[in-house]
1. For region 86-207, rounded, prolate or oblate, judged on the Cα gyration tensor with a ≥ b ≥ c (square roots of eigenvalues), a/c < 1.5 rounded, else prolate if a/b > b/c?
2. Can you list which of the GluC sites (Glu not before Pro) found in region 116-208 are DSSP loop residues with at most 16 other C-beta atoms within 10 Å?
3. Between residue 274 and residue 42, 0.36 nm times their residue separation minus their Cα-Cα distance comes to what?
4. Simple spin-label model, 7 Å along Cα-to-Cβ: residue 379 to residue 331 in nm?
5. How long are the semi-axes of the equivalent ellipsoid of the chain, taking √(5λ) for every eigenvalue λ of the Cα gyration tensor, in whole Å from largest down?
6. Please state the relative contact order of the chain as a whole percent: Cα pairs under 8 Å, 6+ residues apart?
7. So how do 35-44, 225-234, 53-62 stack up, highest first, on mean other-Cβ count within 10 Å?
8. Over the chain, give the accessible area per residue in Å² for a 1.4 Å probe, as an integer.
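The values are calculated or read from the model by the stated rules, or taken from the named source; none is laboratory data. Remember, predicted model here, so these are calculated numbers, not experimental data. Cβ placement follows ideal geometry from the backbone for every residue including glycine, while neighbour counts extend to all protein chains displayed. The protein model used for the area step is the full one, side chains on, heavy atoms only, and it has no ligands, DNA or RNA in it. Shrake-Rupley method; radii C 1.70, N 1.55, O 1.52, S 1.80 Å.
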Amino acid sequence: MSVMPTRGVAFRIKGELPPEARFLLDEFRLAVNGAIRVGLQAKVTSRNALTKLAYKDFREEHPRIYAKHLVSAFEVAGSVLKNYRKRLRTGDASRVPYVRRLMMKTENQAYQLDRGRGVVDLPIRAGCHVMLELEVGDCHRRYLNDHSLRLGSLTVLPDRVIVAFRKEAPRPYAPESALSLDTNEQSIDGVFVKSDEAKAIKTDYQEISIIQQRHHDRRRRLQKKKAHDRRTCGRLCRREGRREHHRIEYRLHQVANAVLSFAECRKSAIVLEDLKGFKPTWNKELNRRLSFWPRRKLHQIIEYKAQWRGIPVVKVDPRNSSRTCPICGSIQDSRMGTEFECGCGWHLDRHINASLNLLQTAISKGLEVAGGLRFNPGAFQHDVMMILYEPAMAARSELNGTSCVGAVVS
Ligand SMILES: [Zn+2]
């Protein structure tokens with residue numbers, strides 16, 4: 001595997017943006033929007049095709065910016081066009097794309113970062129460079145000082161820059177135990193299994209659906225109140241959307257950190273269900289209520305952070321995992337309450353049961369979970385549950401950050 005996990009780190013720019021940099025942002029936006037038009041007309045989306053078609057003209061139209069920036073503009077336009085094409089295909093095409101916000105992106109050959117002083121040297125054109133002084137906090141220092149991290153692209157916005165740090169993906173460790181997790185609307189629960197140890201694990205993020213509901217209601221109210229003013233309504237709704245997004249992502253990151261620290265301390269492989277097969281229904285109301293977004297996002301965060309930290313993750317087909325009895329193998333037809341019950345006498349928390357099935361699937365498929373792992377499902381029936389995350393933790397700044405201890409409750 002030669003994938004390189006990348007992490008974008010945002011730095012505020014000290015003071016005002018120099019006028020030359022401002023000029024570059026303006027020119028870049030013009031070039032991106034111009035390239036989008038070219039791409040739409042010629043029906044192409046790749047950077048190379050755009051470069052071939054438009055480079056010469058653009059070079060004449062934008063003589064006062066570095067040629068490499070133009071190529072980056074083609075790349076940005078290309079990804080905007082690809083997204084637009086995807087939206088067209090899925091049927092929810094919006095307006096013809098147009099980039100409003102001021103931004104520019106550049107690859108690592110086209111800028112320099114003084115990691116000691118925290119200064120970006122950004123070339124505008126031959127003989128004209130601007131220096132952007134960055135605000136560097138402790139967290140930024142960690143990235144700047146770690147020289148195993150290489151520099152990737154740089155994104156410049158009017159008030160901040162985003163530096164992509166790349167890392168050679170560490171080889172995942174050989175797992176000594178398994179942490180199998182079933183992801184739900186309000187929790188991610190499962191089992192931890194080691195040769196001599198077995199534990200049921202719970203997290204509870206029901207506040208995420210509460211936040212979603214609350215923001216949904218607020219948007220509804222805004223739409224009613226501002227029905228006469230579509231622009232204001234749109235602006236306020238987008239603001240609500242951004243806030244909702246931040247609140248939810250913050251919590252998802254905390255949940256992911258709790259899960260990953262737990263797994264890392266115990267050298268576990270993480271087993272997750274493969275959510276790819278899930279298709280949203282067309283019923284709008286149901287779609288919103290059962291939104292898969294947080295679940296998918298949580299998996300993305302877990303997978304990506306696991307890759308960064310060298311924690312192995314395996315994904316298994318979740319088919320029937322919530323309806324199968326791990327003891328006798330029979331499949332129940334009906335939806336259950338909070339307990340899974342089977343005619344053979346087996347009963348267990350529904351989510352824990354599903355995670356047991358995921359683990360069994362992973363083991364039976366011979367996936368690299370942990371060599372020769374055997375476990376007795378009965379152990380989970382009367383065991384205490386370990387809570388890795390609960391709503392109260394959202395208020396704390398760091399949860400289980402580096403420690404291995406979680407609260408144990410019965
Ligand atoms: Zn059974």
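1. Values: a/c = 2.81, a/b = 1.55, b/c = 1.81.
Judged from the Cα gyration tensor, region 86-207 comes out oblate (a/c at least 1.5, b/c at or above a/b).
2. Values: sites: 133, 135, 168, 176, 185, 197, 207; in loops: 135, 168, 176, 185.
Loop-located and lightly packed - 135, 168, 176, 185.
3. Contour length minus the Cα-Cα distance gives 79.8 nm.
4. 2.9
5. Values: eigenvalues 401, 138, 88 Å².
Semi-axis lengths for the chain are 45, 26, 21 Å.
6. Details: 666 pairs, mean separation 70.7, N = 410.
This gives 17 percent for the chain.
7. Working: 35-44: 17.4, 225-234: 11.5, 53-62: 15.2.
With the highest mean Cβ count within 10 Å placed first, the list reads 35-44, 53-62, 225-234.
8. On the way: 22690 Å² over 410 residues.
Per-residue accessible area for the chain comes out at 55 Å².
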